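Reading through the structure tokens given below for one structure.
Every read-out reported here was derived from the displayed coordinates using simple, explicitly stated rules and does not represent laboratory data. Note that this is a predicted model, so its numbers are computed, not measured. As a convention, Cβ positions derive from the backbone with ideal geometry for all residues, glycine included, and neighbour counts pool all protein chains shown.
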Amino acid sequence: MRIDVVTLFPEFVLQAAALGVVGRAQERGLLAVAAWNPRDFAGDAWRTVDERPYGGGPGMLMLIDPLRATLAAARAAAEAPAHVVYLGPQGARLTQRRVAQLARRPRLLLLCGRYEGVDERLLAAEVDEELSIGDYVLSGGELAAAVVIDAVGRLQEGALNHADSAAQDSFSDGLLDCPHYTRPERHALGVVPEVLLSGDHAAIRRWRRQQSLGRTWLRRPDLLAQVELDATDRRLLDEFRREQLAALR
Ligand code: 9D3
């Protein structure tokens, strides 16, 4: 997959994409990331990319023409048509489901806003969808673009090593992960749950599933409401609830 990013901070986006699993995906040729700076496509000697909004109000808006020229250059850098995503606070919330859909496309073009945003006409003409990463205020789209690149990049076939892909399975079922422990068995901060030392793989699997269900119930009831539990899961969760209540007495 190829991802082009239109941003006033190309170094930031490229650095974020160079780390860890996603950096490795680039080294393996599974992902290519390129950044394009609208300042390089501004029409004047001052490299102006922003202007005051019509109708008044605070802040500045990104100009149509530098962005349009930048998008045209980015589109022309490869053959495949690009799916254009504007990262903006008015967008639909990014979810793992949306990430998985984006990850199947051969090409994405991410547009990052700065200042108060982008002239609406540019968005209407050039953008396929707008995405937000959550209900909080950022200073621009770059962190959101880095989030999209990371989440989409790690889903590219061959990006994850064996160890990572198992972890991925347990998240994609819509539940929170179970707790994890490593050496030492006994520590001043506590001991490792006995079942994990038992070597009984069926019991371990059952305990982990129960912890996932229980934690999701405690911490993210909104997620639990969206998954269908079979009879085994319901029994595990009921037992977790009873133990939880018993511990409170
Ligand atoms: C006057 C109101 N403006 C400032 C508080 C609205 C506003 C403009 C521009 C709020 C944020 C931004 C910049 N944000 C993004 O570009 C952005 C974003 C975000 O702020 N939150 C979550 N996801 C995203 S994706 C892009």
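The magnitude of the dipole of the chain, with charges of +1 and -1 set on the Cβ of Lys/Arg and Asp/Glu and taken from the Cα centre, is near 800 debye.
When the Kirkwood hydrodynamic radius is evaluated over all pairs of different C-alpha atoms of the stretch 1-119, what value in angstrom, to one decimal, is obtained? 15.5 Å is the Kirkwood radius here.
The long axis of helix 201-219 is offset from the longest Cα principal axis of the chain by roughly 60 degrees.
If you average 1/r across every pair of different Cα atoms in the chain and take the reciprocal, what Kirkwood value do you get, in Å?
Final number for the Kirkwood radius of the chain is 21.1 Å.
Share of pairwise Cα-Cα distances greater than 20 Å in the stretch 112-249 is 66 percent (whole percent).
Out of the trypsin sites (Lys or Arg not before Pro) in the stretch 21-52, which ones are loop residues according to DSSP with at most 13 other C-beta atoms within 10 Å?
ARG28, ARG47
Sparse packing (at most 13 other Cβ atoms within 10 Å of the Cβ) combined with a DSSP loop state is found for the following GluC sites (Glu not before Pro) in the stretch 1-105: GLU79. Could you check how many percent of all C-alpha pairs in the stretch 51-113 are farther apart than 12 Å? Counting every Cα pair in the stretch 51-113, those more than 12 Å apart make up 76 percent. For the stretch 170-248, what are the per-bin percents of Cα-Cα distances with bins 10 Å wide, up to the bin holding the maximum? P(r) for the stretch 170-248, in whole percents per bin: 17, 46, 31, 6. A Cβ-based charge dipole, computed about the Cα centre of the stretch 170-248 with Lys and Arg at +1 and Asp and Glu at -1, lands at about 180 debye.
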